[in-house]
1. Take the residues of the range 115-155 that are open to solvent by less than 10 Å² (accessible area, probe 1.4 Å) and under 12 Å from the mean Cα position of the chain (by Cα): which is nearest to the ligand (Cβ to nearest atom)?
2. Would you tally the residues in the range 230-251 being assigned to a helix (DSSP H, G or I) and within 17 Å of the chain's Cα centre (by Cα)?
3. Would you mention how many residues in the range 47-69 are away from the ligand (no atom under 12 Å from the Cβ) and out of contact with any strand residue (DSSP E or B) (no Cβ under 7 Å at 6 or more places or on another chain)?
4. Show me the helices (runs of 4 or more DSSP H) found entirely inside the range 115-229 where at least 2 residues are in contact with a helix residue (DSSP H, G or I) (Cβ under 7 Å, 6 or more places away or on another chain).
5. Residue check, residue 44 against (1) open to solvent by less than 20 Å² (accessible area, probe 1.4 Å); (2) within 14 Å of the ligand (Cβ to nearest atom), all met but one. Which one?
6. If you take the residues in the range 6-19 that are more than 16 Å from the chain's Cα centre (by Cα) and surrounded by 15 or more Cβ atoms within 10 Å (Cβ to Cβ), which one is nearest to the ligand (Cβ to nearest atom)?
7. Output the number of residues of the range 52-90 satisfying the condition of being open to solvent by less than 10 Å² (accessible area, probe 1.4 Å), part of a loop (DSSP other than H, G, I, E, B) and in contact (Cβ under 8 Å) with a residue 60 or more places away in the chain.
8. Considering only the range 20-30, state which residues are within 16 Å of the ligand (Cβ to nearest atom) and in a helix (DSSP H, G or I).
Amino acid sequence: MIWKGGKRWVYSITYDEGCEKLLDHALAVHREYGIPGHVALVASQIGVPRNCPGSSYDGMMILSREQIHMLTAEGWGVSCHSMTHVGISRENAHYEVVQSRKVIEDALEMPVTMFCVPGNNNSYPASHAVARESGYTSIMTIYDDVNTIETDVLRLNRCPLHTQYPAPFYSAFDPYKRIHQAIDCGGWIIDYCHCPMPGKPIHPHKDCTVEELAMRFETVRRVGGDDIWLAEPNEVVDFILRHKENIHEAG
Ligand SMILES: [Zn+2]
């Protein structure tokens, strides 16, 4: 299994919602370890305090277009995380998935071809049903697993990077999570969290701390050595789609 540049496995990380505090707390860690980030943005919430009633990150300032452009200029990527972050059903899929793509592309003045399912995977089937007509080429879910080059890019798995999981297991943070599995299968890990904070996570089951983020990156780089491709998810999707086209043409 050969990824770009002959690398044997791939590591990515995404932050849902795109809180401005990423600039204070996560960006320096990314720069230190040379790992690109990615923000999944609610289309109606760029550069404003988050206003998604019921959301646990409500009120937090969201990255502005200029801040997002600064991040993409250093290799970060973006995806659309719906229009308003409600659960997605057949009834609202056109607004939340199809129209949101136009809104976010206009707001950011750049193409957005990845959708990130909001809330939980109950929103996945209705999102998937309209993804192609929306012009998306990929969808990130929160099914927790490793991807491979054969994975359906319209159902990408992500690995939650959290300080402590909810009941009944209360699983503690593991900097090695899925790494050896990814090495063995030539896989692709997409970590996800929201907004790492120093010392104490905003929600232990939705986030890690900045210190845990640094520990994760250190572990990825140390264990990955020369075999790892540190990539932004859109780049990896492009690579997989090209790979599938080549196989199709050859076959
Ligand atoms: Zn979200």
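The values are calculated or read from the model by the stated rules, or taken from the named source; none is laboratory data. All values derive from a computational prediction rather than experimental measurement. Note that we place each Cβ from the backbone using ideal geometry, even for glycine, and neighbour counts take in every protein chain shown. Side chains included, ligands, DNA and RNA excluded: accessible areas come from the protein's heavy atoms. Shrake-Rupley method; radii C 1.70, N 1.55, O 1.52, S 1.80 Å.
1. Residue satisfying both the conditions and the ranking: 118.
2. Selection size over the range 230-251: 8.
3. 7
4. Because the criterion is at least 2 residues that are in contact with a helix residue (DSSP H, G or I) (Cβ under 7 Å, 6 or more places away or on another chain), the helices (runs of 4 or more DSSP H) in the range 115-229 that meet it are 124-134, 210-224.
5. Residue 44 satisfies all of (1) open to solvent by less than 20 Å² (accessible area, probe 1.4 Å); (2) within 14 Å of the ligand (Cβ to nearest atom) except (1).
6. Top of the filtered list is 9.
7. 2
8. Across the range 20-30, the qualifying residue is only 22.
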